[in-house]
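Participant: Dropping a structure here in structure tokens format, bear with me for questions.
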Amino acid sequence: MTEPEVSDSLKTFGVVLKALRDETGLTQEEFAHRVGYSPGYVAKIEQGKRFPPRDLAERAEPVLGPLAAKLLRAAARSLTRKVGLASWFHEWAAIEEEAVSLYAYECRVIPGLLQPEPYIRAIFERRLPPLSEEQFESQVAARLARQSLLEERPNSSFTFMIEQALLERRLGGDATTDALIDNLLTQGARRNVEVQIMPLRQEDHFGAGGPMYLAETPSNQWIGYFEGHDSSLLQTDRKAVSSMLRRYDKMRAQALSPRDSASLLEQMRGAQ
């Protein structure tokens, strides 16, 4: 899988973290275990290939000491990232990286974590104003790199609810739709991933409010997320997030089960 371009400040942060970890004599695996992240995630932060989570310094302080935590906070303040992830998406991307549960409902476009490369390219080809070739390839690479979460976090639960209309639309044509359906079947077969299709006809539908994403943090706090036109909103108000969770639970009961969803996808694939 292609890794995204990294900025100098991300590389610097990674070097600082590695030096502080080495100073304590801890391996990546030992440090990762003590701060509650996977070794692969820590490795990519040290390589400058992942944006560090907001609470890394806080988690690292009992392990590396207060001075090290102070240095990490200072390095974090200077971070920039020139990869294809939009600036307004960075905070949610960091939350995704450490979520123990992730819920997604989409009625506009297939969730980014489930998009195969042909589908990603079909989306960015229709971006206005048009992207430069460098921007185009950078954004494709960044989106593909994010998808490693499904493999790297086998103990996290991912639930995706997708409107059948998104498949019937056939964005990008038959070959792109074939690749999309194949990928949904492949990812949905993972033990930690569920893919549910909301059928075209559903008279009792609780999704009129539009797409929504929900993440459960390692401290079991739920955070909501919405996207608009080149903008986003994190929702941390407990009452509002509770309302989102209730709507999501209702919709999960209205959508096809993961098994029935897979059967529908196989039927759609075979009918093409």
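Participant: Only one of Gly209, Gly173 is over 16 Å from Arg269 (Cα atoms), loosely packed, with under 15 Cβ neighbours inside 10 Å and not aromatic (Phe, Trp, Tyr). Can you tell me which?
Facilitator: Numbers: Gly173 fails: over 16 Å from Arg269 (Cα atoms).
After ruling out the rest, the residue left standing is Gly209.
Participant: Tell me whether segment 172-186 contains one or more residues that are assigned to a strand (DSSP E or B) and of a type outside the set (D, E, K, R). It would help to see each step written out before you state the result.
Facilitator: Restricting attention to segment 172-186, the residues satisfying the condition of being assigned to a strand (DSSP E or B) are none.
Scanning segment 172-186, I find no residue that is assigned to a strand (DSSP E or B) and of a type outside the set (D, E, K, R), so the answer is no.
Participant: Further question: What's the total number of residues in segment 108-130 that are assigned to a loop (DSSP other than H, G, I, E, B), closer than 20 Å to Phe226 by Cα, in contact with a helix residue (DSSP H, G or I) (Cβ under 9 Å, 6 or more places away or on another chain) and not hydrophobic (A, V, I, L, M, F, W, C)? Walk me through how you get there before you give the answer.
Facilitator: First pass over segment 108-130, keeping only residues assigned to a loop (DSSP other than H, G, I, E, B): 108-111, 115-116, 126-130.
Now drop any that are not closer than 20 Å to Phe226 by Cα, which leaves 108-111, 115, 127.
Filter again for in contact with a helix residue (DSSP H, G or I) (Cβ under 9 Å, 6 or more places away or on another chain), leaving 108-110, 115, 127.
With not hydrophobic (A, V, I, L, M, F, W, C) added as a condition, the list becomes 108, 115, 127.
Residues in segment 108-130 being assigned to a loop (DSSP other than H, G, I, E, B), closer than 20 Å to Phe226 by Cα, in contact with a helix residue (DSSP H, G or I) (Cβ under 9 Å, 6 or more places away or on another chain) and not hydrophobic (A, V, I, L, M, F, W, C): 3 in total.
Participant: If you don't mind, another one. Considering only segment 248-266, I want to know if a residue exists there that is of a type in the set (Lys, Arg) and in a loop (DSSP other than H, G, I, E, B).
Facilitator: no
Participant: Still on this model: Out of segment 48-64, which residues are assigned to a loop (DSSP other than H, G, I, E, B) and either among the charged types (D, E, K, R) or without any contact (Cβ under 8 Å) to a residue 40 or more places away in the chain (or both)? Before the answer, list the steps.
Facilitator: If we filter segment 48-64 for residues that are assigned to a loop (DSSP other than H, G, I, E, B), which is where we start, we get 48-55.
Of everything in segment 48-64, those that are assigned to a loop (DSSP other than H, G, I, E, B) and either among the charged types (D, E, K, R) or without any contact (Cβ under 8 Å) to a residue 40 or more places away in the chain (or both) turn out to be Lys49, Arg50, Arg54, Asp55.
Participant: Exactly one condition in (1) part of a loop (DSSP other than H, G, I, E, B); (2) modelled with pLDDT under 90 is false for Ala74; which is it?
Facilitator: With respect to (1) part of a loop (DSSP other than H, G, I, E, B); (2) modelled with pLDDT under 90, Ala74 is out only on (1).
The values are calculated or read from the model by the stated rules, or taken from the named source; none is laboratory data. Note that this is a predicted model, so its numbers are computed, not measured. Note that each Cβ is placed from the backbone with ideal geometry, even for glycine, and that neighbours are counted across all protein chains shown.
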